[in-house]
Amino acid sequence: MRHFLTLADFSKEELLEMIALAQKIKAQTKQRKFVPYMENQTLGMIFEKSSTRTRVSFETGIYQLGGIGLFLSSNDIQLGRGEPMKDTARVISRMVDMVMIRTFEHSKLEEFAKYSKVPVINGLTDDYHPVQLMTDYLTMLEFGKENPVVAYVGDGNNMTHSWLMLAAIMGFELRVATPKGYECDPAIVARAQTLAAQNGGKLIFGNDPKEAVRGTDVVTTDTWISMGQEDEKETKLKAFDGYIVDEAMMSLAKEDAIFLHCLPAYRGYEVSEEVFEKHAEVIFTEAENRLHAQKGIMVWLDSHRNDN
């Protein structure tokens, strides 16, 4: 059984197969051709963290593939009342064909997958957000950035960790600029460095956002205050002073550089209003591509159910 827990679970070739499926299905969708690749299948969607894009994209995606999505808030199922994750996994996976989970600790996702009889997809954990990075890679390809130099400016969080995995596996250069004290998880960095050495990727770390952005093809960031960190807001705003991606910072990138943001975006904090609106077409294509990238992932997992 193949699960989609982190990008590191797959080879470059396998990830490119998923991207190719996403491109094919997106083209069909644009022509209003909804091929029932997953006819009559049910996707269980477990949400311990709320979301706009994750729910809409997965629920719409499985519907367009010929199946149905079940929204399962942790407040509405026994998981929220103390049932062990492994028991929830053993029950739900006997009733549905695939499960997407959006939760906090990555270990909870891993436990669910261990006991599940069906493929499990990581819709986001505190450590990784792999479906978003498949989306971002699809978007970069669509805007002509096939072998990019990418700058990530901001917090060393789940998005940064997933960017590390993408760059390491796909073999491109990623420059990460974080404030001191907000660097990436050392264990995840070590894992990414090993993958980068195998695949020709280049990972650069520092604390100077301007140096990271200089001469790049893609600039990206994320909110500084992630869900559950609201009590850290004032401390973080001080630590991240100078890390806003504004016109002055974007001017250091290549003239045709694009800006990506996984949303929601907080203008005046991690990105300026001017930069956001200038790159709005890219950003909202990126948002739409959650739908298409995730359909590619689901169809690929469904076609590899019998893999050892």
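The values are calculated or read from the model by the stated rules, or taken from the named source; none is laboratory data. Not measured: the values here are computed from a predicted model. Glycine also receives a Cβ, built like all others from the backbone with ideal geometry; neighbour counts cover every protein chain displayed. We work out accessible area using only protein heavy atoms, side chains counted, and drop any ligands, DNA or RNA first. Shrake-Rupley method; radii C 1.70, N 1.55, O 1.52, S 1.80 Å.
When the test is whether a residue is surrounded by 13 or more Cβ atoms within 10 Å (Cβ to Cβ) and basic (Lys, Arg), LYS238 does not pass it.
Residues that are part of a loop (DSSP other than H, G, I, E, B) and more than 16 Å from the chain's Cα centre (by Cα) were ranked within the range 102-131; the one that is surrounded by the fewest Cβ atoms within 10 Å (Cβ to Cβ) is LYS117.
One residue stands out in the range 255-289 among those that are of a type in the set (Asp, Glu) and within 23 Å of ALA239 (Cα to Cα): the one that is most open to solvent (accessible area, probe 1.4 Å), namely GLU274.
For first residues located in the range 195-210 and modelled with pLDDT of 95 or more, partners that are open to solvent by 60 Å² or more (accessible area, probe 1.4 Å) and lie 6+ apart or on another chain with Cβ distances below 8 Å form the pairs ALA196/LYS202; ASN199/LYS12; LEU203/GLN193; PHE205/GLU183; ASN207/LYS180. Within the range 67-94, if we keep just the residues that are polar (S, T, N, Q) and either touching a helix residue (DSSP H, G or I) at 6+ places or on another chain (Cβ under 6 Å) or in contact (Cβ under 8 Å) with a residue 60 or more places away in the chain (or both), the residue that is surrounded by the fewest Cβ atoms within 10 Å (Cβ to Cβ) turns out to be SER74. Residues considered: GLU232, GLU247, GLU270. Of these, the only one that is farther than 17 Å from THR178 by Cβ and not aromatic (Phe, Trp, Tyr) is GLU247.
Determine, yes or no, whether THR216 is in contact (Cβ under 8 Å) with a residue 60 or more places away in the chain and assigned to a loop (DSSP other than H, G, I, E, B). It is true that THR216 is in contact (Cβ under 8 Å) with a residue 60 or more places away in the chain and assigned to a loop (DSSP other than H, G, I, E, B). Among the residues making up the range 290-308, those that are surrounded by fewer than 18 Cβ atoms within 10 Å (Cβ to Cβ) and within 25 Å of ARG102 (Cβ to Cβ) are SER303, HIS304, ARG305, ASP307. Scanning the range 28-59 for residues that are open to solvent by 50 Å² or more (accessible area, probe 1.4 Å) and under 22 Å from the mean Cα position of the chain (by Cα) yields SER50, THR52, ARG53, ARG55, VAL56, GLU59. With a requirement of 3 or more residues that are farther than 18 Å from VAL118 by Cβ, the helices (runs of 4 or more DSSP H) lying completely within the range 1-101 that satisfy it span 12-30, 53-64.
GLN64 falls short of the stated requirement of being open to solvent by 70 Å² or more (accessible area, probe 1.4 Å) and more than 17 Å from ARG305 (Cβ to Cβ). Taken as a whole, the range 275-292 holds no residue that is in contact with a Phe, Trp or Tyr (Cβ under 8 Å, 6 or more places away or on another chain) and small (Gly, Ala, Ser).
Scanning the range 156-190 for residues that are more than 15 Å from the chain's Cα centre (by Cα), within 18 Å of VAL213 (Cβ to Cβ) and either in contact (Cβ under 8 Å) with a residue 60 or more places away in the chain or assigned to a helix (DSSP H, G or I) (or both) gives ALA177, PRO179.
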